[in-house]
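Visitor: Structure below; questions to follow.
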Amino acid sequence: MANQYARVIHWFRRDLRLTDNTALNAAIEASDEVIPAYVLSDWKGTHAWTGGKRQQFLCECLSSLSGNLEHIGGELVLRQGAAVAELLRLVDETKADAIFLNRDVDPFGCEIEARLKRDSPVPVHDFQDAALHGPKDVLKGDGDPYRVYTPFSKRWLPLAKMTPAGRPTSIKTPADIASLPLPTLETWGLEEGDWELPRGGEKAARERMKEALAKRISDYNDTRDIPSVPGTSRLSQDLRWGTLSIRELYQEAEKCGSEQYLKELGWREFYFQILYHYPEALNLEFNPTWRGLPWEESDERFTAWKLGRTGFPIIDAGIRELLKTGFMHNRVRMIVAMFLTKDLHVDWRLGEQFFARHLLDGEIASNNGGWQWSAGTGADAAPYFRIQNPWSQTKRFDPKGEYIKRWVPELASVDPKTFQAPPADGVSLASNYPLPILDHGDERKRTLEIFKKHREQQV
(Lines give C-alpha, C1' and ligand atoms only; values in the text may rest on other atoms or scores of the structure.)
Protein backbone atom coordinates (compact mmCIF):
# COMPACT_ATOMS: atom_id res chain seq x y z
CA MET A 1 0.00 0.00 0.00
CA ALA A 2 3.06 2.29 -0.10
CA ASN A 3 2.23 5.79 -1.39
CA GLN A 4 -1.32 4.75 -2.21
CA TYR A 5 -2.61 8.03 -0.76
CA ALA A 6 -1.36 11.58 -0.51
CA ARG A 7 -3.01 12.32 2.84
CA VAL A 8 -4.96 10.16 5.31
CA ILE A 9 -6.49 10.42 8.77
CA HIS A 10 -5.60 7.99 11.52
CA TRP A 11 -8.42 8.01 14.04
CA PHE A 12 -7.11 7.24 17.51
CA ARG A 13 -9.65 5.60 19.81
CA ARG A 14 -8.58 2.91 22.25
CA ASP A 15 -5.05 2.70 20.80
CA LEU A 16 -3.35 5.69 22.44
CA ARG A 17 0.23 4.67 21.64
CA LEU A 18 2.79 4.66 18.86
CA THR A 19 4.39 1.25 19.46
CA ASP A 20 2.85 -1.64 17.53
CA ASN A 21 -0.21 0.37 16.51
CA THR A 22 -1.57 -1.61 13.56
CA ALA A 23 -3.68 1.04 11.84
CA LEU A 24 -1.19 3.85 12.48
CA ASN A 25 1.65 1.84 10.97
CA ALA A 26 -0.53 1.03 7.97
CA ALA A 27 -1.50 4.69 7.54
CA ILE A 28 2.13 5.83 7.62
CA GLU A 29 3.12 3.17 5.09
CA ALA A 30 0.21 3.94 2.75
CA SER A 31 0.45 7.72 2.52
CA ASP A 32 2.69 10.74 2.28
CA GLU A 33 0.98 12.60 5.12
CA VAL A 34 -0.94 11.37 8.17
CA ILE A 35 -3.35 13.39 10.28
CA PRO A 36 -3.49 11.79 13.76
CA ALA A 37 -6.92 12.64 15.17
CA TYR A 38 -8.88 12.06 18.36
CA VAL A 39 -12.53 13.04 18.85
CA LEU A 40 -13.47 14.06 22.37
CA SER A 41 -16.94 13.22 23.64
CA ASP A 42 -19.18 16.21 24.24
CA TRP A 43 -21.25 15.22 27.30
CA LYS A 44 -21.05 17.44 30.36
CA GLY A 45 -21.24 16.92 34.10
CA THR A 46 -22.33 13.34 34.66
CA HIS A 47 -22.30 10.19 32.58
CA ALA A 48 -23.65 6.73 33.34
CA TRP A 49 -20.55 4.92 32.07
CA THR A 50 -17.60 7.11 32.98
CA GLY A 51 -16.47 9.67 35.53
CA GLY A 52 -13.71 11.95 36.71
CA LYS A 53 -11.05 9.35 37.39
CA ARG A 54 -11.39 7.75 33.97
CA GLN A 55 -11.39 11.10 32.21
CA GLN A 56 -8.35 12.29 34.17
CA PHE A 57 -6.49 9.17 33.07
CA LEU A 58 -7.62 9.76 29.48
CA CYS A 59 -6.33 13.35 29.64
CA GLU A 60 -2.89 12.10 30.65
CA CYS A 61 -2.93 9.46 27.90
CA LEU A 62 -3.75 12.09 25.27
CA SER A 63 -1.08 14.45 26.59
CA SER A 64 1.48 11.67 26.38
CA LEU A 65 0.35 10.71 22.89
CA SER A 66 0.55 14.31 21.72
CA GLY A 67 4.12 14.64 22.97
CA ASN A 68 5.14 11.35 21.41
CA LEU A 69 3.74 12.39 18.04
CA GLU A 70 5.53 15.72 18.20
CA HIS A 71 8.78 13.89 18.93
CA ILE A 72 8.58 12.08 15.57
CA GLY A 73 7.33 15.08 13.60
CA GLY A 74 3.56 14.79 13.92
CA GLU A 75 0.78 16.67 15.67
CA LEU A 76 -2.33 15.34 17.37
CA VAL A 77 -5.51 16.97 16.05
CA LEU A 78 -8.32 17.16 18.59
CA ARG A 79 -11.97 17.71 17.83
CA GLN A 80 -15.07 17.37 20.01
CA GLY A 81 -18.56 16.15 19.19
CA ALA A 82 -20.22 13.23 17.42
CA ALA A 83 -17.38 11.09 16.09
CA VAL A 84 -18.68 10.44 12.57
CA ALA A 85 -19.69 14.04 11.94
CA GLU A 86 -16.37 15.39 13.22
CA LEU A 87 -14.32 12.94 11.17
CA LEU A 88 -16.24 13.73 7.99
CA ARG A 89 -15.78 17.43 8.69
CA LEU A 90 -12.05 16.81 9.06
CA VAL A 91 -11.98 14.90 5.78
CA ASP A 92 -13.63 17.84 4.04
CA GLU A 93 -11.34 20.44 5.63
CA THR A 94 -8.10 18.59 4.93
CA LYS A 95 -9.01 16.87 1.65
CA ALA A 96 -7.91 13.57 3.17
CA ASP A 97 -8.04 10.56 0.85
CA ALA A 98 -8.84 7.87 3.42
CA ILE A 99 -9.45 7.11 7.09
CA PHE A 100 -7.49 4.48 9.01
CA LEU A 101 -8.65 3.07 12.34
CA ASN A 102 -8.35 0.11 14.67
CA ARG A 103 -11.61 -1.72 15.28
CA ASP A 104 -13.40 -1.36 18.57
CA VAL A 105 -14.55 -4.44 20.44
CA ASP A 106 -17.85 -3.32 21.92
CA PRO A 107 -21.25 -2.85 20.23
CA PHE A 108 -21.18 0.94 20.56
CA GLY A 109 -17.85 1.25 18.79
CA CYS A 110 -18.89 -1.25 16.11
CA GLU A 111 -22.03 0.77 15.41
CA ILE A 112 -20.02 3.97 14.97
CA GLU A 113 -17.63 2.19 12.59
CA ALA A 114 -20.55 0.96 10.50
CA ARG A 115 -21.98 4.50 10.26
CA LEU A 116 -18.60 5.91 9.31
CA LYS A 117 -18.14 3.36 6.53
CA ARG A 118 -21.65 4.03 5.27
CA ASP A 119 -21.36 7.83 5.24
CA SER A 120 -17.70 8.44 4.43
CA PRO A 121 -16.91 9.80 0.96
CA VAL A 122 -13.41 8.26 1.22
CA PRO A 123 -12.28 4.67 1.93
CA VAL A 124 -12.21 3.54 5.56
CA HIS A 125 -9.52 0.98 6.38
CA ASP A 126 -10.02 -0.87 9.66
CA PHE A 127 -7.65 -3.23 11.46
CA GLN A 128 -7.64 -5.69 14.34
CA ASP A 129 -5.53 -4.31 17.15
CA ALA A 130 -7.19 -4.50 20.59
CA ALA A 131 -7.27 -8.29 20.66
CA LEU A 132 -4.93 -11.11 19.70
CA HIS A 133 -7.74 -12.86 17.85
CA GLY A 134 -10.89 -11.40 16.39
CA PRO A 135 -14.39 -12.54 17.42
CA LYS A 136 -14.71 -14.75 14.33
CA ASP A 137 -11.30 -16.36 14.71
CA VAL A 138 -12.10 -18.63 17.66
CA LEU A 139 -15.21 -20.65 16.88
CA LYS A 140 -16.45 -24.16 17.56
CA GLY A 141 -16.28 -26.85 14.90
CA ASP A 142 -19.81 -26.05 13.77
CA GLY A 143 -18.98 -22.37 13.38
CA ASP A 144 -20.87 -21.23 16.46
CA PRO A 145 -19.19 -19.05 19.11
CA TYR A 146 -18.16 -20.52 22.42
CA ARG A 147 -20.40 -19.82 25.40
CA VAL A 148 -18.08 -21.37 28.02
CA TYR A 149 -14.55 -20.20 28.75
CA THR A 150 -12.65 -23.49 29.22
CA PRO A 151 -13.25 -24.90 25.71
CA PHE A 152 -12.72 -21.40 24.30
CA SER A 153 -9.39 -21.19 26.11
CA LYS A 154 -8.26 -24.59 24.84
CA ARG A 155 -8.87 -23.37 21.31
CA TRP A 156 -7.56 -19.82 21.84
CA LEU A 157 -4.32 -20.50 23.69
CA PRO A 158 -2.50 -22.61 21.06
CA LEU A 159 -3.46 -20.36 18.13
CA ALA A 160 -0.48 -18.58 16.58
CA LYS A 161 -0.20 -15.02 17.87
CA MET A 162 0.89 -12.13 15.66
CA THR A 163 4.38 -10.76 16.22
CA PRO A 164 4.32 -7.13 17.40
CA ALA A 165 5.51 -4.50 14.96
CA GLY A 166 7.84 -1.70 15.86
CA ARG A 167 7.43 1.96 16.63
CA PRO A 168 7.38 4.54 13.82
CA THR A 169 10.40 6.82 13.75
CA SER A 170 8.80 9.62 11.76
CA ILE A 171 5.42 10.91 10.67
CA LYS A 172 4.51 13.88 8.52
CA THR A 173 1.41 15.84 9.51
CA PRO A 174 0.13 18.72 7.35
CA ALA A 175 0.62 22.14 8.92
CA ASP A 176 -2.08 24.54 10.11
CA ILE A 177 -4.89 22.08 10.81
CA ALA A 178 -7.27 23.51 13.40
CA SER A 179 -7.23 21.64 16.69
CA LEU A 180 -8.67 22.03 20.17
CA PRO A 181 -6.25 22.22 23.09
CA LEU A 182 -5.51 19.11 25.11
CA PRO A 183 -8.48 18.32 27.36
CA THR A 184 -8.73 18.76 31.11
CA LEU A 185 -11.49 17.68 33.45
CA GLU A 186 -13.12 21.05 32.80
CA THR A 187 -13.69 19.89 29.21
CA TRP A 188 -16.47 17.68 30.58
CA GLY A 189 -17.51 19.92 33.45
CA LEU A 190 -15.81 17.66 36.00
CA GLU A 191 -13.78 18.47 39.10
CA GLU A 192 -10.65 16.74 40.32
CA GLY A 193 -10.98 14.58 43.42
CA ASP A 194 -8.67 13.37 46.15
CA TRP A 195 -7.52 10.41 44.11
CA GLU A 196 -4.45 8.18 43.92
CA LEU A 197 -4.25 7.35 40.22
CA PRO A 198 -1.49 5.77 38.18
CA ARG A 199 0.06 7.97 35.50
CA GLY A 200 -1.52 7.73 32.09
CA GLY A 201 0.27 7.43 28.78
CA GLU A 202 2.50 5.07 26.85
CA LYS A 203 5.72 5.73 28.77
CA ALA A 204 4.10 5.06 32.14
CA ALA A 205 2.37 1.96 30.77
CA ARG A 206 5.63 0.56 29.46
CA GLU A 207 7.29 1.17 32.82
CA ARG A 208 4.48 -0.73 34.53
CA MET A 209 4.78 -3.58 32.03
CA LYS A 210 8.53 -3.81 32.60
CA GLU A 211 8.01 -3.97 36.37
CA ALA A 212 5.23 -6.57 36.08
CA LEU A 213 7.31 -8.79 33.82
CA ALA A 214 10.31 -8.56 36.12
CA LYS A 215 8.56 -9.00 39.46
CA ARG A 216 5.05 -10.41 39.28
CA ILE A 217 3.92 -12.35 36.25
CA SER A 218 6.18 -15.36 36.86
CA ASP A 219 4.57 -15.79 40.32
CA TYR A 220 1.11 -14.83 39.14
CA ASN A 221 -0.57 -18.12 39.96
CA ASP A 222 0.57 -17.98 43.59
CA THR A 223 -0.16 -14.32 44.32
CA ARG A 224 -3.01 -13.20 42.06
CA ASP A 225 -5.75 -13.78 44.67
CA ILE A 226 -4.07 -11.97 47.57
CA PRO A 227 -5.29 -8.34 47.52
CA SER A 228 -2.73 -7.09 50.06
CA VAL A 229 0.26 -7.82 47.81
CA PRO A 230 1.07 -6.52 44.31
CA GLY A 231 0.42 -9.92 42.78
CA THR A 232 -1.43 -8.93 39.59
CA SER A 233 0.04 -7.17 36.59
CA ARG A 234 -1.90 -3.92 37.14
CA LEU A 235 -1.87 -3.38 33.37
CA SER A 236 -5.62 -3.61 32.75
CA GLN A 237 -6.08 0.15 32.36
CA ASP A 238 -3.22 0.25 29.86
CA LEU A 239 -4.79 -2.47 27.75
CA ARG A 240 -8.17 -0.72 27.99
CA TRP A 241 -6.84 2.56 26.61
CA GLY A 242 -4.34 0.93 24.27
CA THR A 243 -1.24 2.51 25.76
CA LEU A 244 0.15 -1.04 25.62
CA SER A 245 -0.02 -3.51 22.74
CA ILE A 246 -1.67 -6.79 23.65
CA ARG A 247 0.66 -8.53 21.18
CA GLU A 248 3.77 -7.19 22.86
CA LEU A 249 2.48 -7.98 26.34
CA TYR A 250 1.57 -11.54 25.37
CA GLN A 251 4.93 -12.13 23.72
CA GLU A 252 6.86 -10.88 26.73
CA ALA A 253 4.61 -12.57 29.30
CA GLU A 254 5.02 -15.90 27.51
CA LYS A 255 8.71 -15.76 28.39
CA CYS A 256 7.81 -15.61 32.11
CA GLY A 257 6.32 -19.10 32.00
CA SER A 258 2.96 -18.33 33.61
CA GLU A 259 0.28 -20.03 31.56
CA GLN A 260 -2.25 -18.84 34.14
CA TYR A 261 -1.54 -15.21 33.26
CA LEU A 262 -1.88 -15.93 29.56
CA LYS A 263 -5.23 -17.55 30.29
CA GLU A 264 -6.31 -14.39 32.09
CA LEU A 265 -5.64 -12.50 28.87
CA GLY A 266 -7.79 -15.17 27.25
CA TRP A 267 -10.68 -14.29 29.59
CA ARG A 268 -10.50 -10.75 28.25
CA GLU A 269 -10.89 -12.00 24.68
CA PHE A 270 -13.57 -14.51 25.66
CA TYR A 271 -15.71 -11.65 26.94
CA PHE A 272 -14.94 -9.64 23.78
CA GLN A 273 -16.33 -12.39 21.59
CA ILE A 274 -19.33 -12.99 23.87
CA LEU A 275 -20.39 -9.36 23.56
CA TYR A 276 -19.71 -9.36 19.81
CA HIS A 277 -21.89 -12.39 19.13
CA TYR A 278 -24.45 -11.70 21.87
CA PRO A 279 -24.73 -7.90 22.22
CA GLU A 280 -28.02 -8.33 24.05
CA ALA A 281 -25.93 -9.31 27.10
CA LEU A 282 -25.37 -5.61 27.71
CA ASN A 283 -28.99 -5.24 28.73
CA LEU A 284 -30.23 -8.75 29.44
CA GLU A 285 -29.07 -11.76 31.40
CA PHE A 286 -26.90 -13.85 29.07
CA ASN A 287 -28.59 -17.03 30.28
CA PRO A 288 -32.25 -16.67 29.24
CA THR A 289 -33.33 -18.78 32.21
CA TRP A 290 -32.58 -15.88 34.55
CA ARG A 291 -34.22 -13.09 32.60
CA GLY A 292 -36.96 -11.45 34.60
CA LEU A 293 -35.42 -12.22 37.98
CA PRO A 294 -36.91 -9.99 40.67
CA TRP A 295 -34.36 -7.47 41.97
CA GLU A 296 -34.62 -5.15 44.93
CA GLU A 297 -35.05 -1.43 44.42
CA SER A 298 -31.96 0.60 45.30
CA ASP A 299 -32.21 1.85 48.86
CA GLU A 300 -30.07 2.99 51.78
CA ARG A 301 -28.29 -0.36 51.80
CA PHE A 302 -27.23 0.14 48.19
CA THR A 303 -26.02 3.62 49.18
CA ALA A 304 -24.01 2.08 52.01
CA TRP A 305 -22.45 -0.35 49.52
CA LYS A 306 -21.48 2.52 47.18
CA LEU A 307 -19.85 4.42 50.06
CA GLY A 308 -18.00 1.47 51.56
CA ARG A 309 -20.07 1.58 54.76
CA THR A 310 -21.68 -1.87 54.86
CA GLY A 311 -20.03 -3.11 58.04
CA PHE A 312 -18.43 -5.95 56.07
CA PRO A 313 -14.73 -4.98 56.13
CA ILE A 314 -13.68 -6.76 52.90
CA ILE A 315 -16.59 -5.20 51.00
CA ASP A 316 -15.89 -1.71 52.32
CA ALA A 317 -12.16 -2.03 51.61
CA GLY A 318 -12.85 -2.94 47.98
CA ILE A 319 -15.24 -0.06 47.39
CA ARG A 320 -12.92 2.44 49.04
CA GLU A 321 -9.97 1.23 46.99
CA LEU A 322 -12.09 1.77 43.87
CA LEU A 323 -13.23 5.25 44.88
CA LYS A 324 -9.68 6.33 45.69
CA THR A 325 -7.65 4.67 42.91
CA GLY A 326 -9.96 3.71 40.06
CA PHE A 327 -8.94 0.09 40.64
CA MET A 328 -10.20 -2.86 42.63
CA HIS A 329 -8.38 -6.14 43.04
CA ASN A 330 -10.01 -8.84 40.91
CA ARG A 331 -10.68 -11.28 43.76
CA VAL A 332 -12.30 -8.44 45.72
CA ARG A 333 -14.35 -7.45 42.67
CA MET A 334 -15.96 -10.89 42.73
CA ILE A 335 -16.69 -10.72 46.46
CA VAL A 336 -18.09 -7.18 46.19
CA ALA A 337 -20.21 -7.96 43.12
CA MET A 338 -21.64 -11.14 44.58
CA PHE A 339 -22.46 -9.29 47.79
CA LEU A 340 -24.48 -6.73 45.86
CA THR A 341 -26.39 -9.29 43.81
CA LYS A 342 -26.74 -12.16 46.30
CA ASP A 343 -26.85 -10.38 49.69
CA LEU A 344 -28.46 -7.07 48.75
CA HIS A 345 -30.40 -8.60 45.82
CA VAL A 346 -29.69 -5.48 43.75
CA ASP A 347 -29.73 -5.68 39.95
CA TRP A 348 -26.28 -6.48 38.57
CA ARG A 349 -26.75 -3.74 35.95
CA LEU A 350 -26.60 -1.09 38.68
CA GLY A 351 -23.34 -2.51 39.98
CA GLU A 352 -21.95 -2.78 36.45
CA GLN A 353 -22.73 0.89 35.86
CA PHE A 354 -21.18 1.94 39.17
CA PHE A 355 -17.96 0.09 38.36
CA ALA A 356 -17.89 1.59 34.86
CA ARG A 357 -18.00 5.10 36.28
CA HIS A 358 -15.02 4.49 38.56
CA LEU A 359 -12.74 1.84 37.03
CA LEU A 360 -9.85 3.13 34.95
CA ASP A 361 -9.91 -0.25 33.21
CA GLY A 362 -13.68 -0.11 32.68
CA GLU A 363 -13.72 -2.48 29.71
CA ILE A 364 -17.36 -2.86 28.73
CA ALA A 365 -17.10 -6.54 27.82
CA SER A 366 -15.06 -7.63 30.84
CA ASN A 367 -17.11 -5.53 33.25
CA ASN A 368 -20.34 -6.98 31.91
CA GLY A 369 -18.96 -10.50 31.92
CA GLY A 370 -17.62 -10.20 35.45
CA TRP A 371 -20.88 -8.86 36.84
CA GLN A 372 -22.97 -11.50 35.13
CA TRP A 373 -20.56 -14.18 36.37
CA SER A 374 -21.02 -12.97 39.93
CA ALA A 375 -24.79 -12.67 39.58
CA GLY A 376 -24.95 -16.22 38.22
CA THR A 377 -26.64 -15.08 35.00
CA GLY A 378 -23.82 -14.93 32.46
CA ALA A 379 -21.52 -16.94 30.26
CA ASP A 380 -19.49 -19.42 32.29
CA ALA A 381 -21.19 -17.96 35.34
CA ALA A 382 -20.91 -19.10 38.90
CA PRO A 383 -23.99 -21.28 39.58
CA TYR A 384 -26.67 -19.37 41.44
CA PHE A 385 -26.13 -21.56 44.50
CA ARG A 386 -22.44 -20.60 44.70
CA ILE A 387 -22.57 -17.60 47.01
CA GLN A 388 -19.34 -16.26 48.40
CA ASN A 389 -19.28 -15.61 52.12
CA PRO A 390 -17.49 -12.29 52.78
CA TRP A 391 -16.31 -13.51 56.19
CA SER A 392 -14.76 -16.75 54.97
CA GLN A 393 -13.36 -15.03 51.87
CA THR A 394 -11.60 -12.62 54.22
CA LYS A 395 -10.15 -15.49 56.26
CA ARG A 396 -8.86 -17.14 53.09
CA PHE A 397 -7.50 -14.18 51.15
CA ASP A 398 -6.76 -11.47 53.74
CA PRO A 399 -6.14 -13.42 56.96
CA LYS A 400 -3.92 -10.74 58.50
CA GLY A 401 -6.30 -7.96 57.52
CA GLU A 402 -3.56 -6.07 55.68
CA TYR A 403 -5.75 -5.15 52.71
CA ILE A 404 -8.67 -4.20 54.92
CA LYS A 405 -6.55 -2.02 57.21
CA ARG A 406 -5.02 -0.26 54.21
CA TRP A 407 -8.42 0.90 52.95
CA VAL A 408 -10.52 1.02 56.12
CA PRO A 409 -8.34 3.03 58.52
CA GLU A 410 -11.03 2.95 61.23
CA LEU A 411 -10.02 -0.69 61.70
CA ALA A 412 -6.25 -0.15 61.76
CA SER A 413 -5.87 -1.17 65.42
CA VAL A 414 -8.49 -3.93 65.40
CA ASP A 415 -7.58 -7.63 65.71
CA PRO A 416 -7.80 -8.94 62.11
CA LYS A 417 -9.40 -12.18 63.30
CA THR A 418 -12.53 -10.16 64.00
CA PHE A 419 -12.81 -9.44 60.26
CA GLN A 420 -13.52 -13.12 59.64
CA ALA A 421 -16.92 -13.42 61.31
CA PRO A 422 -19.85 -11.15 62.22
CA PRO A 423 -19.13 -9.06 65.32
CA ALA A 424 -20.25 -10.76 68.51
CA ASP A 425 -23.14 -9.44 70.61
CA GLY A 426 -23.94 -6.68 68.09
CA VAL A 427 -20.90 -4.63 69.06
CA SER A 428 -19.27 -2.63 66.28
CA LEU A 429 -15.63 -3.36 65.45
CA ALA A 430 -14.77 0.30 66.03
CA SER A 431 -16.65 3.31 67.38
CA ASN A 432 -16.79 5.00 63.98
CA TYR A 433 -17.42 1.86 61.93
CA PRO A 434 -20.94 0.58 61.21
CA LEU A 435 -22.42 -2.74 62.21
CA PRO A 436 -23.12 -5.15 59.31
CA ILE A 437 -26.16 -3.97 57.37
CA LEU A 438 -27.45 -7.54 56.97
CA ASP A 439 -27.03 -11.15 58.04
CA HIS A 440 -25.21 -13.04 55.30
CA GLY A 441 -26.73 -16.40 56.25
CA ASP A 442 -30.26 -15.08 56.04
CA GLU A 443 -29.70 -13.36 52.71
CA ARG A 444 -28.04 -16.46 51.26
CA LYS A 445 -31.14 -18.51 52.04
CA ARG A 446 -33.32 -15.84 50.48
CA THR A 447 -31.25 -15.80 47.30
CA LEU A 448 -31.51 -19.56 46.93
CA GLU A 449 -35.28 -19.32 47.29
CA ILE A 450 -35.54 -16.49 44.72
CA PHE A 451 -33.47 -18.29 42.09
CA LYS A 452 -35.10 -21.66 42.69
CA LYS A 453 -38.61 -20.21 42.45
CA HIS A 454 -37.76 -18.31 39.28
CA ARG A 455 -36.24 -21.39 37.63
CA GLU A 456 -39.31 -23.49 38.46
CA GLN A 457 -41.52 -20.85 36.85
CA GLN A 458 -39.57 -21.18 33.60
CA VAL A 459 -40.41 -24.86 33.20
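The values are calculated or read from the model by the stated rules, or taken from the named source; none is laboratory data. Nothing here was measured: the structure is a model prediction, and the numbers come from that model. A quick note on method: Cβ atoms are made from the backbone with ideal geometry, for glycine too, and the neighbour counts reach across all protein chains shown.
Visitor: Looking at the stretch 395-416 only, could you name the residues that are more than 25 Å from the chain's Cα centre (by Cα), within 19 Å of PRO436 (Cβ to Cβ), in contact (Cβ under 8 Å) with a residue 12 or more places away in the chain and part of a helix (DSSP H, G or I)?
Guide: LYS395, GLU410, LEU411, PRO416
Visitor: On to the next question. Identify, from the list PRO383, PRO434, the residue that is assigned to a loop (DSSP other than H, G, I, E, B) and in contact (Cβ under 8 Å) with a residue 12 or more places away in the chain.
Guide: Selected residue: PRO434, the only one of PRO383, PRO434 that is assigned to a loop (DSSP other than H, G, I, E, B) and in contact (Cβ under 8 Å) with a residue 12 or more places away in the chain.
Visitor: Then there is this: Considering every residue within the stretch 43-58, establish whether at least one is more than 19 Å from GLY362 (Cα to Cα) and part of a helix (DSSP H, G or I).
Guide: The answer is no; no qualifying residue exists.
Visitor: Please verify whether THR377 is part of a helix (DSSP H, G or I) and not assigned by TED's automatic domain parsing to the domain that holds PHE272, treating the condition exactly as stated.
Guide: Taking the combined requirement at face value, the residue does not satisfy it.
Visitor: Sticking with this one: Take the residues in the stretch 279-307 that are of a type in the set (Asp, Glu) and part of a loop (DSSP other than H, G, I, E, B); name whichever of them is modelled with the highest pLDDT.
Guide: For the stretch 279-307, the residue satisfying everything is GLU285.
Visitor: Of the numbered conditions (1) under 22 Å from the mean Cα position of the chain (by Cα); (2) outside any helix (DSSP H, G or I); (3) surrounded by fewer than 16 Cβ atoms within 10 Å (Cβ to Cβ), LEU159 satisfies every one except a single condition; which is it?
Guide: (1)
Visitor: Shifting gears a bit: Based on this model, can you work out whether GLU60 counts as surrounded by fewer than 21 Cβ atoms within 10 Å (Cβ to Cβ) and within 26 Å of LYS95 (Cβ to Cβ)?
Guide: Criteria not met by GLU60.
Visitor: Let me ask another. Of all residues in the stretch 199-256, count the ones that are closer than 28 Å to ASP106 by Cβ, touching a residue at least 60 places away in the same chain (Cβ under 8 Å) and among the polar types (S, T, N, Q).
Guide: The qualifying residues number 6.
Visitor: In the stretch 52-88, which residues are in contact (Cβ under 8 Å) with a residue 40 or more places away in the chain and among the charged types (D, E, K, R)?
Guide: Across the stretch 52-88, the qualifying residues are LYS53, ARG54, GLU60, GLU75, ARG79, GLU86.
Visitor: When you look at ARG89, is it surrounded by fewer than 19 Cβ atoms within 10 Å (Cβ to Cβ) and more than 17 Å from PRO183 (Cβ to Cβ), yes or no?
Guide: The answer is yes for ARG89.
Visitor: For the stretch 235-258, how many residues meet the condition of being outside any helix (DSSP H, G or I) and either touching a Ser or Thr at 6+ places or on another chain (Cβ under 7 Å) or closer than 15 Å to ALA214 by Cβ (or both)?
Guide: Going through the stretch 235-258 one residue at a time, the tally reaches 6.
Visitor: Then there is this: Assuming ARG331 fulfils every condition listed in (1) buried (at least 18 other Cβ atoms within 10 Å of the Cβ); (2) more than 21 Å from the chain's Cα centre (by Cα); (3) in a helix (DSSP H, G or I) apart from one, which condition is it?
Guide: So the condition that ARG331 fails would be (2).
Visitor: Among residues belonging to the stretch 308-328 that are over 17 Å from the mean Cα position of the chain (by Cα) and not in a helix (DSSP H, G or I), point out the one that is nearest to ARG103 (Cα to Cα).
Guide: Only one residue fits best here, namely GLY308.
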